[in-house]
1. If you take every DSSP beta bridge fully contained in the chain, what fraction is antiparallel? Give it as a percent rounded to 5.
2. State the Cα centre-to-centre distance between the range 86-136 and the range 239-307 in whole Å.
3. Nearest 500 deg cm²/dmol is fine: what mean residue ellipticity at 222 nm does the chain get from its DSSP H runs of n ≥ 4 alone, each adding -39,500 (n - 2.57), divided by its residue count?
4. By how many nm would the segment from Ala21 to Lys385 lengthen if fully extended, with 0.36 nm per residue of separation less the alpha-carbon distance?
5. Using only alpha carbon pairs under 8 Å that are at least six residues apart, calculate the relative contact order of the range 133-187 and give it in whole percent.
6. Within the chain, which is the longest segment that contains none of the GluC sites (Glu not before Pro) sitting in a DSSP loop with at most 12 other Cβ atoms within 10 Å?
7. Determine the distance separating the Cα centre of the range 158-210 from the Cα centre of the range 33-77; give it in Å without decimals.
8. Restricting things to alpha carbons, tell me how big the range 26-111 is in terms of Rg and Dmax, in Å.
Amino acid sequence: MSFLPATRCARGGAIETDPHAATSPPLYQTATFAQSRADNFDAYDYTRTDNPTRSAAEDLLAELEGARGALTFSSGMAAIAAVLRETSEGGRLVCGRDLYGGTQRLAHRFLEGVDVEHVDLSVDADGRCQGLEASLAAQPAAVVFVETPSNPRLEIVDLRAVARTAHAAGARLVVDGTAMTPWLQRPLELGADVVVHSATKGLNGHGDVTAGVAATSDGALLERLAGRRNAEGTALAPFESWLLLRGIRTLGPRIDSAQRTAGRLARWLAAQPWTRAVRYPGLDSHPGASLHAAQAAGGGILIGVETADEQSAKALVERTRLFSIAVSFGGVASSISLPRAMSHASVPEGAAPPPEATLVRLSIGLEAFADLQADLERAMVEAHKGARRPRATTR
Ligand SMILES: *Cc1c(COP(=O)(O)O)cnc(C)c1O
């Protein structure tokens with residue numbers, strides 16, 4: 001039977017072969033599974049290779065992405081590392097100009113013999129990615145890797161155009177879909193070859209697990225990734241898989257609610273005198289708004305706020321009380337961060353340009369709109385005073 005994503009999430013994770021027909025996914029917290037014979041491994045033999053709770057999470061993720069298969073890893077970076085090492089080692093990797101700091105660190109410092117280039121992925125009036133075309137024509141690449149909306153600047157990349165351009169030059173397109181989750185955007189349907197996620201963020205959504213996913217319909221690649229994961233032991237543990245499943249079962253209602261609040265906050269923030277600019281892909285003022293609307297089901301839960309200067313950015317972050325100062329995002333609890341000093345502090349020299357020091361990133365959770373608004377307003381009034389009195393104490 002084929003079900004819509006809401007139904008898949010709500011009923012996801014059932015293990016059909018469970019002898020007791022548990023209606024909630026059972027947790028197989030075991031390292032080994034007894035074999036029927038010495039020379040027969042049966043469906044499961046060792047959790048490093050496969051585990052029923054993990055498989056249940058992976059089956060649900062594959063359905064949500066419209067992929068032939070999905071593999072979970074101990075973190076988003078473990079998933080990204082496995083995919084990039086399997087697809088680009090010894091070759092060339094072309095990335096967008098704005099990328100999660102940890103991915104830049106991995107690409108520039110830890111991928112063996114990989115030549116990394118950041119290119120302009122914008123599309124001209126004829127729908128051509130000239131920057132990418134030129135880069136791939138000058139030197140072929142194995143992989144084009146993008147985020148949209150990107151972290152942290154929330155820039156939009158035209159996935160259909162980038163996929164076309166990459167494929168014409170014989171490259172694979174890998175999309176980091178963390179910011180949207182498959183609830184809002186399904187990159188494989190837009191032409192990507194592989195989608196990766198930090199499931200630590202919106203997919204799990206409760207801030208209590210680090211997890212990663214790689215999903216693809218390329219059967220040979222899935223097999224190699226599964227083989228590598230087994231060889232290296234980087235799969236998601238059973239309890240984490242169980243927590244992730246629990247998180248995904250409420251994915252839609254969580255994202256829908258947080259996104260509604262984020263849209264209202266973005267509109268309100270844009271009208272405040274103390275914001276220099278508000279970046280939210282669901283606002284008409286965002287340069288990528290119409291492109292984003294054509295490839296995603298909403299503006300998402302992240303808002304970028306540009307303040308007048310570095311001091312007021314730092315003051316805003318430090319004076320909010322409801323928003324915790326945290327690097328992650330996508331949880332039920334709202335958080336606030338200064339990407340330049342936090343998630344992107346690890347970006348090596350020579351990688352993509354660092355985020356502006358005046359950029360504050362908000363991740364909207366499930367709190368009441370009015371409470372979040374009041375917290376930002378109070379923090380901003382104080383921060384504004386603080387900007388004129390640099391030595392004012394915080395909190
Ligand atoms: C957090 C994040 C990652 C890394 O995921 P971890 O689970 O922290 O390893 C990768 N990409 C994006 C866009 C992220 O936000």
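Each reported figure results from applying straightforward, stated rules to the coordinates on display, with no laboratory input. A quick note: this is a predicted structure, and the numbers were derived from the prediction, not measured. Every residue, glycine as well, gets a Cβ built from its backbone with ideal geometry; the counts of neighbours run over all protein chains shown.
1. Details: 25 of 42 bridges.
For the chain, the DSSP antiparallel bridge percentage is about 60.
2. 25
3. Numbers: 13 runs with 144 residues, N = 395.
After summing the helix terms and dividing by residue count, I get -11000 deg cm²/dmol.
4. Values: separation 364, 0.36 × 364 = 131.04 nm, distance 6.07 nm.
Using 0.36 nm per residue and subtracting the Cα-Cα distance, I get 125.0 nm.
5. Working: 65 pairs, mean separation 22.8, N = 55.
For the range 133-187, the relative contact order is 41 percent.
6. Details: sites that count: Glu16, Glu112, Glu349.
In short, 113-348.
7. With the range 158-210 and the range 33-77 each reduced to a Cα centre, they are spaced 21 Å.
8. Radius of gyration, then largest Cα-Cα span, for the range 26-111: 17.0, 54 Å.
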